[in-house]
Structure formats: C-alpha cells, structure tokens
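Asks: Here it is, the structure in full.
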Amino acid sequence: MDRSKGLRLGWLVLLLVSWLVGTLPAWGATPRYVQADLLSEVQVVQPGQPFWVGLQMRIAPGWHVYWQNPGDAGDRVRVDWQLPAGVTIGEWLWPYPQRIPNGPLVSFGYKNEVLLLAPVTPPATLSPGQTLDLRGEAIWLVCQTDCVPEATTLSLSLPVGSQAVVDPAVAARFDQVRWSHPQPAPWPVSYALTADTLTLRWPEGDVQRAVFFPLTDGVITNAAPQILRSQGSRNELTLQRGYLEELSTVEGVLVATTSLGTRAYHIVATPDGTGSTPWWQWLGLAFVGGLLLNVMPCVLPILSLKTLHLVDKVRQSPAQVRTSGLVYGAGVVLSFWALAGGLLGLRALGQQLGWGFQLQSPGMVLGLMLVLFAVALNLSGVFTVGTRWVGAGQSLTEKSGYLGEFFSGVLATVAATPCTAPFMATAIGAALTLPPLAALGVFTGLGVGFALPYVLLCFVPAWRRWLPRPGNWMHTLQQLLAFPLYAAAAWLLWVLTRQTGTDGLAVGLLGLLLVGLAAWLYGQGQRHTWGRRWGLVVTLALVGFCLTLPGWLPVPDKTPAPLVTETLWEPFTPARLEELRRQGRPVFVNVTAAWCLSCQVNERLVFGRPEVQQAFRQRGVHLLKADWTRQDPDITQLLQTFGRSGVPLYVLYPGQDRAPVVWPSRLHPDQVKTLLSSQMGG
Amino acid sequence: MRWMGPVTAAVVVTGAVAATLTIPTAAAVRVGQPAPDFTARTSTGQTVRLGDYRGRIVVLEWANHECPFVVKHYQSGNMQKLQQEAKAKGVVWLSIVSSAPGQQGFVTAEQANAILKERKASPTAVLLDPEGTIGRLYGARTTPHMFVIDRAGILQYMGAIDDAPGLNQDPTKANNYVRAALQQLMAGQKVTTPTTQPYGCSVKYRP
C-alpha cells in the first residue's frame, strides 16, 4: 500500500469518527468529560415559596465549558426545561469566568468545576404530599483544544410540604458560589473610545488586577491584552476594541482584585470621562453640600457671630457691606481652593487621603483647638480684635475690616471640615476621582454654597430687616456663643488625647494655658498703658512658643490602641470582613472616627441603645467597627469602595453573598430594625 | 465649564497615545471597510487571489470537518444547499481551512477533495491555510465563521451562519444570516444584520 492510500484509509476512519462525534448529541448518551447534576437548596418544597436549584458541572482536567458569552469560540451551557404547569424558573446566574487562551484566541469559561444557580418558583396551588418534578435537557460544549458536545437529562423529584426544608449542605455550597456572582458595581464606570481602544474608568482603591468580560461579542478583541493603570482610586483598564463600529452600551463583568480580595461586578459603563453623573450634577451636589455646612454645629457659632457683625454694620454704606460680603466669600472660596490644592497635591503623591484627613494629624487637631480656644476667649471679652486700629483712620479700618472679613471666611472653612454633611461627602468623593480641574470645580461649588447665605444677606438689605436690631443683647449673645467654641475646643482636646494619649493631653493643656495667658496679656495691652509696650511682645512670644507645641506631641502609636472599648464591636480588618462574608454571615461595618461629631452622636444615641443591639443580635449580624481616627489605608480604601471619602459610613453586608447596602449617615434607633428587615428579608 | 472640553480632549488624546504605544494593534477587519486581500493555494493546486474576484460577491467560510458545529451544517445538508444557491447566482464561495498540521480539522489537498466528494459540497474552492495567515488576517475565530464581501471588495457581513447556535438546533429551520446578506446585496440593499457573534469550535491555529 502506498503512502497516499494509507492516508486515504486513515482519512476514512477519521471521517467515520467525525460523523460519529457529530451524532453524539443523541440525548441520553453518557457524557465523558463533564459530570452534571441538578441540586436543590430545599429537600421539601413549600407551595409558592421560591427556592434555588444549581447545575453542578464537574469537568475533566484540562477541559473547559463556557460562560454566557463564550468569547472567541464555544457555546454556553444550555438547559431546555420541561416543567410542570405553573412552575417558573429564572435565568441562570453565572459565576465570573476565566480567560482560557488557545493560540491566538481567548475563550471565557470554567475549568474543573462550576455551579450555576437559578431560582425556581413553584405554584402556590401545590399541596403537601404532592411531588414537584423538575426535568430538563442540559447540553453543553466541552473543549480542550478539540470540542465535544455533551448532553444529559437533569431531573429532580422534590416532596411538597407545608414548610420548606433547607438542605444545609447544598445551601452552604450555594452560599459559597454566590461569592463569585457579579454584584452591581458600587461605583460609576465610564468608558472612553478611540479608533482602536476602549478604556474603562472606575474609582476604587488599590486595584491590583482587573479583567473585563463583555456580555456581548465584538465590543472588545477578546484575545488582546487588558492593560490596567491604577493609581489611588483611579483605575483605567485599556482594552482593544472589537469589530463593532458603534457601541450602544458597554456591559459586562469586571473582575477586580484588591487587597480586600477578588470581586466580580456587573457593570454598565456610560460614555465620557466623568462617570455616570455629569459634572454639573456634582457641582450641584457640592453647592447644596456647601449650603448645608452653614447649619452644621461646627460652623453655626461662627456664622451667627458674623451675622451679628452684619447687624452692627447697618451704619456702614451698602457698598461697604456688599464688599465685605464678597471679601468673606473670597476668603471661603480661596480656602476651599487651598484645601483642594492640598488634597490634589497629596493625591498626586499617591497618598490615599480623604476629607477630614487634616484631623487625623494630631498637630492639626492641636492647632485647631488652640485657635478655637483663642476665638472663644475673644468672644468672652478677654481681648478684642481690631479695636486698636479703629481710631487710626477710616481707610485703615476698612482695610483691617476687609482683612478681618477675609480671615473669618478662612476660619469658617477650617472649622467646617469636621462636619462632613452627606452631600459634601459624595461631592468630595467625586472630587477625589475626577480630573484636577473638575475636582477644583467641585470645591468651588462647595465654597460658593457655603459663602452664599452670608453674601446674600450683605447684598439684599431687605432680608437684613429680618435680622434683629443691635443692642446690649448682642454682647450677652456674643459671650454665650463663646461656649459652643469652648465645647468644640474641649472635644478636640478629647480627640487629641485619643490620638496621642496622656502625653498629648499634657501638651494640649499646656497650649490652652499659654493661649489663655497670651490672650489675657493682649487684652491687658489694649486696656492699660503698661501693657501696651510689653503686652504685644510677650503675646507674640507666647504664640510663637505655641507654634512649637505640635513638635512636642508624642509620635502617634501605629499599633491599634484599644480605641474600640465596647466588646460588642470587633475591630475592622479587610481579612476579617472577607472571612465573615465568605462564611455567608451578615456583617455590619461602622466606619467612624473620634473627631467625627455625627459619628459620635450615632454611636451614643443609636448603636449604644439596647434595642438596637438586640436587633443586630437577633439577626446574627456581626458588628465591625472601622475607626478612622488615625490614618488607616485599609479603611480609606473601604470608604473609596463606596465612593466616599469621609465618615460616617455604615454598610450592611446582608450575607449569603448579597450585595452590600449603604445606610444613611443620620440614623434613628427605630430605623435600624426597619433597615435590617427590609435588607435581610423576613 | 467651557474648559472641560479641552481638558477632556487632552486626557483622551494622552490616553490614546499611551494606549497605542502599549497595545500592538492587530488588524481587525470591520464591516464597511475593504476586505484585506490575500493569495492562497486551493485543494486542486491552483493559486487564487481575492482581488481577482473583484466584481463578484465572495463568501468566506471557515471550516473544520471534525468540528461538531461544521458537521451539523453539512450533515443536515444546510451548507451544501446554501453553496448551491449562492453559486447559482454567481457568488464565489471559498471554504478556508486554517487548522495547523497536527490539529483537529487539518487536511491535505487530497483529504479536502475527498471530503468535498463525500459531503457533496460545492464551494468554488477550498483554500488551504495551514499557517493560519488568512485566518489571522480576518480574525476568524470559529468554525464556521462567515464573511460576505460585496462586488466592490467591501466587507458587508461577518459572524455566525445563522441564529441557531445550539448543537441541538436545526439549521434548516434557522434564520440564515448569510442567505439574508446575499439576497440583500443582490437586490442592491443594505445588509440589515452586518455583524453577529460567530459560534462553533475555535479555529485550531498553529500555536
């Protein structure tokens, strides 16, 4: 036999085999490479009560089956159900796939094992004693390099009872696999197109790896490398475009690995670089946030004080009042710009920082405390500002007056930082992820919103008529307003103590003493001739000395001090959260900080209440406390995961791998029960 | 916020430049663009060039006789029927085998001709592409993977042969995208479904 004849014979055998392979999907043939089984979460079905079934596929080593979009080649797993009347079964939930390269092609699929879940709703008309039969023909393509179509009949007979009986072993398996189901992305994802590339952008901290699996073909070139650029909370995944000329949506599964673990997110990306929220919406939010800041407890005393000054200004010309209003506004806006500049500068340095970070520095806390204390002493009448120059001439008065206006704007801004109003937190969260100029715009919005009420009062005299007439009551009120500031100083001292311990307390108290002495000396200088010469010098010396105080502060303890005193709360670590979630336990994370006033209010008035703790206990919710009093990159990242850059943040992970839910920042004890029952079911 | 425009543009341009530098741009064929030209050896020993068929509609069919999806289309007679219909209207039908030697679906010229006879298939020619040159040029991913090129040499359709990707689905009852594209091109109309996701086995390229 010559060579060509041998080939021909071999070929005929091959041909025969190939025809045989082609006829293999004769239903009922035993699959060789995949063992497929239908599992049920319940052993007994309750009429009308939905439950989950799973298609478990154990795949031979080296072989793979395909995801809902198979990628370059292949075919998804399909099941044709033959269901009794009244039974409905939902779409399969697909765990996130892996990339399976094959020469120049890449498929999306599963190796070794996969478990697909689908919800089944039995009819309410079933009665106990009956049997619910689920039957379906499963067909799939299993490939190594070559592909083999396989099929099997799935069937399950479940008894019907008055009460569902869960199979704990199967439910545990289902819970395990739910971890790998894509959840809705908690942040906006945007995309930008060029002729050849598609770039996805999303804000999430510290992404180490990311893979995108599109739901539809042709959006990307599946086999092309996916290039991740990640800095801080800005992530860019650059993909090569597929054959589709126009993209209506970019939808798919984004698998991101951070230090918190690997999670899959279902994303629907929107065009343009600023995320799903247009920039003007961020500006609006920032503006409203700024307005709200005016009524926050940190700012209200200062602002009331300013309004008092305004009443005092009725004797000034309208033009002067308008100018001083504008100068105050400029002080506010410039301070916000300075903050933005600082924040962006630090962001550029790759630091993961958020709003309120300035209060994580003990030196900053000390400084703010001393300033607030000095202002309070001023309100108490220990010394006065500007009076020395009042007699010196009209022009100087104006100048110092405007300078005073400007710095009251600055002070108001600095004082506002601890009070992160909900709108502001969102806006700043966006600012941290936007390009610098857009971020600056958001800060401008905040500043304008913050300054507007006072500026308006300066511009519309008619509104000022609502303000009370000046009189002696003003001095009383002014002295009274000193006390919120003393309280704020006292609170900052407490924050400082928590940050630095009793050594820091000593430094803080020394600072208060020195500022008190300096203020008194300065006041004396204003009243007596003897002090006029030396008072200012000594005051300046004392203030200068105060400036060195932050250097005396003990170095913050890096190891977590027992900041969490209540035994109820476990300290948050990413690993602990991951572990609890993997076990399918419900977890509540409380991100808080000692210097965050609203956090403290919630801790005392909500989480501290026995009925609230009872509600958590009843549902077996694990309580984790993330204390952000000191800089902690893990917590910063957790905040960024939810698009936040400030505290408080309350997140409920309902367990069983359901997506986390963010709770409102302002809570009421009764609300907790409602939120728990609506978000955990039952 | 007029500055947003230029800023965004700058960011996008920078990103694009950076991306172009880092990603090797593969030749991805697109519908509406000229179909890349190629030269190939047929199973009857001739050499053909795509450009020689200018003025005629050309169908490219990626094939692998061992792939169950290809088998489904030949066993049911679906592919042969489509080939006959097309050829009767003057369409050039090129079946292309890009399987590398040693891989599933690889055929010698002799084997290819034997299969043609066995299956009663009637393409204009079977192109042997063991190096995967034409396959990679077109980004052919599956067997079958279909391409339709119009008389001016412009790619007008690429993707699946029909909307019945399941192996248990009957191709003779499916909506055949290639037939629809051919009919529309003959009638001088625009192809209504110019791209679909191809389905089938992966093309067994030389690694």
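The values are calculated or read from the model by the stated rules, or taken from the named source; none is laboratory data. Since we're looking at a predicted model, the values are computed, not measured. Note: ideal-geometry Cβ built from the backbone for every residue, glycine included; neighbour counts use all protein chains shown. For the accessible areas, the whole protein counts, side chains as well, though only heavy atoms, and no ligand, DNA or RNA atoms are used. Shrake-Rupley method; radii C 1.70, N 1.55, O 1.52, S 1.80 Å.
Asks: Compare each residue of segment B:136-161 in its chain alone against the assembly with all protein chains, and report those whose accessible area goes down by 50 Å² or more; 1.4 Å probe, heavy atoms.
Replies: B:141
Asks: Projected onto the charge dipole of segment A:40-165 (+1 at Lys/Arg Cβ, -1 at Asp/Glu Cβ, origin at the Cα centre), which of A:131, A:59, A:148 gives the Cα projection farthest towards the positive end?
Replies: A:59
Asks: Can you list residues whose amide H is under 5 Å from residue A:73's amide H, if they're 5+ apart or on another chain and H is modeled 1.01 Å from N?
Replies: Amide H neighbours of residue A:73, under 5 Å, 5+ apart: A:108.
Asks: Can you give the three extents of the C-alpha atoms in segment A:196-293 along their principal axes, from longest to shortest, in whole Å?
Replies: Extents along the principal axes: 51, 34, 20 Å.
Asks: If the cut-off is 19 Å between C-alpha atoms, which aspartates and glutamates fall inside it for residue A:673, apart from same-chain ones fewer than 8 positions away?
Replies: Straight-line reach from residue A:673, under 19 Å: A:603, A:611.
Asks: Regarding segment A:608-682, what whole-number volume in Å³ per residue does the convex hull of its Cα atoms give?
Replies: 104
Asks: Give me the accessible area per residue for segment A:64-196, probe 1.4 Å, as a whole number in Å².
Replies: Values: 5190 Å² over 133 residues.
Per residue, segment A:64-196 has 39 Å² of solvent-accessible surface.
Asks: Less than 11 Å Cβ to Cβ from residue A:67, Lys/Arg counted +1 and Asp/Glu -1: what total charge do the surrounding residues give?
Replies: +1
Asks: Report the accessible surface area buried between chains B and A, summing both sides, using a 1.4 Å probe on protein heavy atoms only, in Å² rounded to the nearest 100.
Replies: Buried: approximately 4500 Å² between A and B.
Asks: On a 31 Å Cα-Cα criterion, which of the cross-link pairs A:111/B:81; B:120/B:204; A:111/B:72 come out too long? Provide the component values of the computation, followed by the final result.
Replies: On the way: A:111/B:81 38 Å; B:120/B:204 24 Å; A:111/B:72 26 Å.
Pairs exceeding the cut-off: A:111/B:81.
Asks: Hey, can you list the residues from segment B:81-115 whose accessible area shrinks by 10 Å² or more with all protein chains present, relative to the chain by itself (probe 1.4 Å, no ligands or nucleic acids)?
Replies: Correct list: B:103, B:104, B:108, B:110, B:111, B:114, B:115.
Asks: Let me ask something else about it. Counting Lys and Arg as +1 and Asp and Glu as -1, what is the net charge of the other residues whose Cβ lies under 10 Å from the Cβ of residue B:67? Intermediate values should be presented prior to the final figure.
Replies: Working: positive: B:72, B:204; negative: A:146, B:66.
Its environment carries a net charge of 0.
Asks: Separate question: Let me know the Kirkwood hydrodynamic radius for segment A:95-224, please, with Cα pairs as the basis and the value in Å to one decimal.
Replies: Details: mean 1/r = 0.0518 Å⁻¹.
For segment A:95-224, the Kirkwood estimate is 19.3 Å.
Asks: Apply the Karplus curve 6.51 cos²θ - 1.76 cosθ + 1.60, θ = phi - 60°, to the phi angles in segment A:366-375 and return the couplings in whole Hz, x for Gly and Pro.
Replies: For segment A:366-375, the Karplus-derived couplings read 4, x, 5, 4, 5, 5, 4, 5, 4, 4 Hz, x marking Gly and Pro.
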